[in-house]
Each structure stands twice: as C-alpha cells, then as structure tokens.
1. Can you find a residue in segment 77-86 that is in contact (Cβ under 8 Å) with a residue 12 or more places away in the chain, farther than 24 Å from ASN133 by Cα and assigned by TED's automatic domain parsing to the domain that holds THR140?
2. Identify, by number, the condition in (1) closer than 16 Å to GLU22 by Cβ; (2) in contact with a helix residue (DSSP H, G or I) (Cβ under 8 Å, 6 or more places away or on another chain); (3) modelled with pLDDT under 80 that GLY112 doesn't meet.
3. Among the residues that make up segment 134-144, is at least one of them at pLDDT 90 or above, in contact with a strand residue (DSSP E or B) (Cβ under 7 Å, 6 or more places away or on another chain) and assigned to a loop (DSSP other than H, G, I, E, B)?
4. Looking at segment 118-162 only, could you name the residues that are polar (S, T, N, Q), within 18 Å of LEU20 (Cβ to Cβ) and without any contact (Cβ under 8 Å) to a residue 40 or more places away in the chain?
5. Would you mind listing the strands (runs of 3 or more DSSP E) fully within segment 38-102 where at least 1 residues are surrounded by fewer than 14 Cβ atoms within 10 Å (Cβ to Cβ)?
6. Please name all residue pairs, on different chains or six or more residues apart, with Cβ atoms under 6 Å, provided the first residue is in segment 94-117 and is of a type in the set (A, V, I, L, M) and the second residue is not in a strand (DSSP E or B).
7. With the structure loaded, tell me whether TYR105 is farther than 16 Å from GLU24 by Cβ, touching a helix residue (DSSP H, G or I) at 6+ places or on another chain (Cβ under 6 Å) and part of a strand (DSSP E or B) or whether it fails that test.
8. Taking the condition closer than 15 Å to TYR95 by Cβ, under 12 Å from the mean Cα position of the chain (by Cα) and outside any loop (DSSP other than H, G, I, E, B), does LEU115 pass?
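The values are calculated or read from the model by the stated rules, or taken from the named source; none is laboratory data. All values reported here derive from a predicted model rather than from experimental measurement. Neighbour counts are summed over all protein chains in view; Cβ atoms, including those assigned to glycine, are modelled from backbone coordinates with ideal geometry.
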Amino acid sequence: MPKPLTEDLVIGDILHEWTLSEYERHERGGKWYVLTLFGAVLLVVFAIFTDNFLFALVILLGVIIMFLQHHQEPPQVLFQITELGVVVGKKFYPYRELSEFYIIYQPPLVKGLFLGTKSSVRPTLRIPLYDQNPVEVRHTLLEHLDEDLEKEEEPLSESIVRFWKLH
C-alpha cells in the first residue's frame, strides 16, 4: 500500500530516503567575520553616501540574519525519492513537476543531486547526497526523469555560496 504524506496525498512507496540539513552550516573563523563586517560597513557607508537608505537597511538586515543563523542549529528535513515523486520536508514534487536531474559527485567538496523543476519561481532543487550511493540514486531517478548529462559542474551560484560560506 503506498504511503501517504498527508491523509489525502499519496506519494507511493519510498525508494530512497535520508535526512538533510535545511541549510549548510559552515565553520567560519574570526577572519571571515572581520572581513564580512568590514565589507558590510563599507556597503552601508556607500549606501548612506549615495542616499540609498533602503540598500543600507538590506545590508544591515543581512548581517543580523547571518548572526542569528550562526547561533542556531539548522533544522533537519526528511528527503525521500518515491514511486510518484520526491518529498522535501513537507513538500511533495510529483515527477510531472520536475524537468530533469543531474548529479555532481566530486567528493569531498561537492556531493549533490540537482532536480530541475518546471517552475520559474524555484528552477532547481539542490539536495546533498551525503553518504548516499550516487549510482543507486541515479538508477532510480532514470526510471522517471531524464538526466542532463551536459552538466559536469555545480551551478556558479552554488560555488559562490560555498566559497564565501554564505549558507
């Protein structure tokens, strides 16, 4: 009997599942915080100098959010690949809403599953593979989605976020 996500939503049998952090928590040293704070102060001074107070407010809010986020453990989210789609936390994506997938596996830096959606609001879902076998995950997804074999590197935005430790 297929497992329901909620009382009225059937997701099919679970083929793979693992728990992941809602966002990646980076170890940031004191030098990172000094450079970030220095950059934020420069941007706020520039914003005030150019009378762009909304930009200054956005920078200040970003710094506050990063500070608060640093002092919290990221929530854990259940990820499942099922017969009828994928589940990320409490959100179900049926295969008809997904366009393709690709796996970038370059340990230890990048071990990720990328799911393209047909939505222009959220075009790609990035799922860390952690210790999952990428070959098994790939074979399962090939039964339902096309694989984008042209993607050999993670998206530039993901590389920038990882390099600057912004998650």
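1. First, the residues of segment 77-86 that are in contact (Cβ under 8 Å) with a residue 12 or more places away in the chain: 77-86.
The next check asks that each one be farther than 24 Å from ASN133 by Cα; those that pass are none.
For segment 77-86, residues in contact (Cβ under 8 Å) with a residue 12 or more places away in the chain, farther than 24 Å from ASN133 by Cα and assigned by TED's automatic domain parsing to the domain that holds THR140: absent.
2. It is condition (3) that GLY112 fails.
3. Checked against the condition, which is being at pLDDT 90 or above, in contact with a strand residue (DSSP E or B) (Cβ under 7 Å, 6 or more places away or on another chain) and assigned to a loop (DSSP other than H, G, I, E, B), segment 134-144 yields no hits at all.
4. THR124, ASN133
5. Values: elements: 76-82, 85-88, 91-94.
It comes to 76-82, 91-94.
6. LEU98/LEU145; ILE103/PRO134; ILE103/ARG138; ILE104/GLU154; VAL110/GLU154; LEU113/LEU129
7. Working: farther than 16 Å from GLU24 by Cβ: yes; touching a helix residue (DSSP H, G or I) at 6+ places or on another chain (Cβ under 6 Å): yes; part of a strand (DSSP E or B): yes.
Criteria met by TYR105.
8. Details: closer than 15 Å to TYR95 by Cβ: yes; under 12 Å from the mean Cα position of the chain (by Cα): yes; outside any loop (DSSP other than H, G, I, E, B): yes.
Spelling it out, LEU115 is indeed closer than 15 Å to TYR95 by Cβ, under 12 Å from the mean Cα position of the chain (by Cα) and outside any loop (DSSP other than H, G, I, E, B).
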